[in-house]
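The values are calculated or read from the model by the stated rules, or taken from the named source; none is laboratory data. Computed from a predicted structure; not experimentally measured. Using ideal geometry, Cβ is built from the backbone for each residue, glycine included, and neighbour counts are taken over all protein chains shown. Remember, those area values only see protein heavy atoms, side chains included, never the ligands or the DNA or RNA. Shrake-Rupley method; radii C 1.70, N 1.55, O 1.52, S 1.80 Å.
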Amino acid sequence: MPLRNIFKNCTYYWGFAAWMAYYINHPLYTPPTYGAQQVKLALAIFVICQLGNFSIHMALRDLRPAGSKTRKIPYPTKNPFTWLFLLVSCPNYTYEVGSWIGFAIMTQCLPVALFSLVGFIQMTIWAKGKHRSYLKEFRDYPPLRMPIVPFLL
């Protein structure tokens, strides 16, 4: 990773973390409109997406044998969280955005929603690049896959 990316990443994560924490922990913070039901639903979304993200990372790790530089097309495994590979090239980004959307719903906080939006924009750029490289590298790449959002983007 280039040195300038470290500063950019730290500024992004630390800046947003401070801004989100200020609002979420402020004495005048307003709890979510639908109370505990909203928090529980959003927490479920967050946890499911985190499990999905973990599953995708494990599937990607297992795609390449240790010490090898060979690249393969990622396909779903028996783990149902990996089935998103049928629809998108970068399901890890899809799940990560889903996690942050869950967190935004849970906190009902504008800085969290903006963090989620900025993260989605950046991950979309990365996913489009990865998708293009898959299409170039593999002639038999599944044609119906989208970069990050099934059927749309």
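Summary table
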| quantity | calculated |
| --- | --- |
| Spatial separation of Cα centroids for region 38-102 and region 111-134, in angstrom | 15 Å |
| Tensor-based shape of the chain (alpha-carbon gyration tensor, a/c under 1.5 rounded, otherwise prolate or oblate) | prolate |
| Carbon + sulfur, % of accessible area of region 72-146 - ligands and nucleic acids excluded, 1.4 Å | 70 percent |
| Size of charge dipole - the chain - debye, nearest 20, with Cβ of Lys, Arg +1 and Asp, Glu -1, no other charges | 640 debye |
| Largest-first ellipsoid semi-axes for region 1-88, taking √(5λ) over the Cα gyration tensor eigenvalues, angstrom | 34, 23, 8 |
| Per-residue HN-Hα couplings for region 70-87 [Karplus 6.51, -1.76, 1.60; θ = phi - 60°; Hz; x = Gly/Pro] | 5, 10, 10, 6, x, 10, x, 10, 5, 6, x, 5, 7, 5, 5, 4, 5, 10 |
| Principal-axis tilt of helix 3-24 within the chain, Cα atoms, nearest 10 degrees | 40 degrees |
| Shape category assigned to region 72-133 from the gyration tensor of Cα positions, a/c cut at 1.5 | oblate |
